[in-house]
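Worksheet: the structure to be examined is printed underneath.
Any read-out appearing in this document is the output of simple, stated calculations on the displayed coordinates, not a laboratory observation. Everything numeric in this text was worked out from a predicted model, so none of it was measured. All Cβ positions, even for glycine, are placed from backbone atoms using ideal geometry, and neighbour counts span all protein chains on display.
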Amino acid sequence: MSGLVEHLRRVEIFSGLSDEELLQVATACKPQRLPAETAIFKEGDDGDELMVLLHGSVRISISTRLPDGTFAPSTINILYAGQSFGEMVLLGGATRSATVTTVEVCTLLVIREHDFAAVCERNPRIGYRVMRNMASDLSYKLRSSNLLLRGNIRWQQGELGRQG
């Protein structure tokens with residue numbers, strides 16, 4: 001269990017937790033190893049699991065409409081060891097907002113929402129720290145998405161290609 005605590009210590013959403021608190025979180029974790037190019041979940045799927053990436057990387061993609069009216073996946077992010085995804089289930093959102101696919105062989109820690117909630121009931125400080133860290137991470141992701149969206153809108157309106 002101490003090796004798992006070492007891994008959890010490097011995970012962004014668990015920043016600020018003591019070793020004792022990380023050990024409590026570790027009791028809710030189930031390790032899972034997946035081969036490369038495996039869909040972990042798809043946009044629109046129901047879900048109740050938060051995932052922490054221990055080893056490897058994953059591609060986050062959303063379905064976007066092409067000019068011909070068809071839809072295709074568009075990569076919006078690549079996540080690496082120490083990062084988490086699927087965290088919106090802890091905030092009450094059960095429908096997946098994106099598709100997550102392994103880029104290479106990955107080792108994940110899977111935490112079911114109700115198991116994490118039980119840990120937080122026993123130690124509310126864990127819930128507070130994790131929610132605070134998640135809010136900071138989601139705020140960063142939202143700002144990044146807004147910048148990308150603004151750039152895309154300007155490109156579609158021809159603003160970026162104009163010569164003065």
Whole-Hz ³J(HN,Hα) from phi, Karplus 6.51 cos²θ - 1.76 cosθ + 1.60, for the stretch 50-56, glycine and proline x: 8, 10, 10, 8, 8, 9, x
Kindly state, as a whole number, the per residue volume in cubic angstrom of the convex hull around the alpha carbon atoms of the chain. 130
Long-range HN-HN contacts of residue 40 with modeled amide H, under 5 Å: 100, 101, 102
Starting from the 7 Å offset along Cα-to-Cβ, what nm value, one decimal, do you get for the label separation of residue 148 and residue 80? 1.7
For the stretch 97-111, take each phi angle, set θ = phi - 60°, evaluate the Karplus expression 6.51 cos²θ - 1.76 cosθ + 1.60, and give the result in whole Hz per residue in order, putting x for glycine and proline. 8, 7, 9, 10, 10, 5, 8, 9, 4, 10, 10, 10, 10, 9, 10
What whole-number distance in Å separates the alpha-carbon centres of the stretch 45-123 and the stretch 2-27? 19
Report the normalised scattering of the stretch 1-43 as log10 I(q)/I(0) at q = 0.20, 0.29, 0.31 Å⁻¹, calculated by the Debye formula with identical scatterers on the alpha carbons. -0.69, -0.98, -1.06
Give me 41, 14, 71 sorted ascending by neighbouring Cβ count inside 10 Å, so fewest comes first. 71, 41, 14
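Stretch residue 66-residue 135 to full length: gain in nm at 0.36 nm per residue minus the Cα-Cα span?
Details: separation 69, 0.36 × 69 = 24.84 nm, distance 3.19 nm.
Answer, rounded to one decimal: 21.6 nm.
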Any idea how far apart residue 19 and residue 122 come out in nm if each label point goes 7 Å out from Cα toward Cβ? 1.9
Quick one: P(r) of the stretch 31-88 from all Cα-Cα pairs, 5 Å bins, percents rounded to integers, in order of increasing distance. 4, 15, 25, 25, 16, 7, 5, 2, 0
Longest site-free stretch - the chain; sites: GluC sites (Glu not before Pro), DSSP loop, at most 14 other Cβ within 10 Å: 38-103
